[in-house]
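Visitor: To start, I am sharing the structure in question, which I have written as structure tokens.
The values are calculated or read from the model by the stated rules, or taken from the named source; none is laboratory data. Please read all numbers here as calculations on a predicted model, not as lab measurements. Counting neighbours? That spans all protein chains shown, and the Cβs are built from the backbone with ideal geometry, glycine included. Ligands, DNA and RNA are excluded from the accessible area calculation, which covers all protein heavy atoms including side chains. Shrake-Rupley method; radii C 1.70, N 1.55, O 1.52, S 1.80 Å.
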Amino acid sequence: MRLTLVRHCEVEEKYLGRYNGHIDIGLSKNGYIQAKKLSYELKNENYDAVFCSDLIRAKESLKYFSNLENIIYTDRLREKSWGEDEGKTYDEICDSKNITYESFEQWISALGGESIEDFTKRIDEFFFEFLPNLKYENILIVTHSGVIKTFLSLYDNITLENAFCEKINYGDKKTLYFVQKSNKVILS
């Protein structure tokens, strides 16, 4: 199975550099330019299936694609919910909660919303249980940075902290190949 993972394109300017989570925001002018470029780069691909986060920024990233049919929008590919911390910058969160960053686990645990355990489980189940059972060969997935980083940490033998240190720009894409072995999906 071949997966092409795409981070949605750039969001509206006032939401840049924020923990947006489940906030349903659109793309910036630059985001639409990125979406056009992305559609051009992938115009010759023939995907068996397309899965996309149900949030507007992900949906709008597919706006210019003419070669995609039957896109499946799902909340299973949403970014982690940050609860009351959604829409805030790092500094705003530190000020409002009177906390400082000590470690990745401490920081993630201090923030509101979906627990990192629940988020990781949601990503694990989607990519490593749900998708392989569909028997598709070539899949496009449009989602969020946190989803991609969590997915990469699960079977790429890196910690969540290391995965979250990797930069994934708006509109970036990454292609991976899976091999199914004894009920477990292995990256190859």
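Visitor: Please pick out the residue among E114, E84, E102, E60 that is in contact with a strand residue (DSSP E or B) (Cβ under 8 Å, 6 or more places away or on another chain), over 21 Å from M1 (Cβ atoms) and not aromatic (F, W, Y).
Guide: Result: E60 is the single residue among E114, E84, E102, E60 that is in contact with a strand residue (DSSP E or B) (Cβ under 8 Å, 6 or more places away or on another chain), over 21 Å from M1 (Cβ atoms) and not aromatic (F, W, Y).
Visitor: Being of a type in the set (G, A, S), within 20 Å of the chain's Cα centre (by Cα) and either buried (at least 17 other Cβ atoms within 10 Å of the Cβ) or at pLDDT 95 or above (or both) narrows it down to one of G146, G112, so name that one.
Guide: Exactly one residue qualifies, and that residue is G146.
Visitor: Mind checking which helices (runs of 4 or more DSSP H) fall wholly inside the range 104-170 and carry at least 3 residues that are under 17 Å from R78 (Cα atoms)?
Guide: 116-125, 145-155
Visitor: Would the range 4-13 turn up any residue that is surrounded by 14 or more Cβ atoms within 10 Å (Cβ to Cβ) and part of a helix (DSSP H, G or I)?
Guide: For the range 4-13, residues surrounded by 14 or more Cβ atoms within 10 Å (Cβ to Cβ) and part of a helix (DSSP H, G or I): absent.
Visitor: Still on this model: Considering (1) of a type outside the set (A, V, I, L, M, F, W, C); (2) out of contact with any helix residue (DSSP H, G or I) (no Cβ under 9 Å at 6 or more places or on another chain); (3) surrounded by 17 or more Cβ atoms within 10 Å (Cβ to Cβ); (4) within 25 Å of D118 (Cβ to Cβ), say which one Q34 fails and leave the rest.
Guide: (4)
Visitor: Test each condition in (1) modelled with pLDDT under 95; (2) more than 17 Å from the chain's Cα centre (by Cα); (3) open to solvent by 40 Å² or more (accessible area, probe 1.4 Å) for E92 and report the one that comes out false.
Guide: (1)
Visitor: Among the residues of the range 8-33, what is the count of those that are touching a Cys at 6+ places or on another chain (Cβ under 9 Å), without any contact (Cβ under 8 Å) to a residue 40 or more places away in the chain and among the small types (G, A, S)?
Guide: Matching residues across the range 8-33 total 1.
Visitor: Okay, next question. Return the pair list, or none, for Cβ contacts closer than 8 Å from residues in the range 34-56 that are free of Cβ contacts under 8 Å to residues at least 40 places away in the same chain and within 14 Å of H8 (Cβ to Cβ) to residues that are open to solvent by 60 Å² or more (accessible area, probe 1.4 Å) and in a helix (DSSP H, G or I), at least 6 apart or on different chains.
Guide: Note: pairs meeting the criteria are D54/D75.
Visitor: If you don't mind, there's one more thing I want to ask. Being of a type in the set (A, V, I, L, M, F, W, C), in contact (Cβ under 8 Å) with a residue 60 or more places away in the chain, touching an Asp or Glu at 6+ places or on another chain (Cβ under 9 Å) and open to solvent by 40 Å² or more (accessible area, probe 1.4 Å) narrows it down to one of L134, L140, so name that one.
Guide: After applying the criteria, what remains is L134.
Visitor: If you check every pair at least six apart or on different chains, which have Cβ atoms under 7 Å apart with a residue in the range 149-177 that is under 26 Å from Y32 (Cβ atoms) and without any contact (Cβ under 8 Å) to a residue 40 or more places away in the chain first and a residue that is open to solvent by less than 80 Å² (accessible area, probe 1.4 Å) and basic (K, R) second?
Guide: Cβ pairs passing all conditions: E166/K149.
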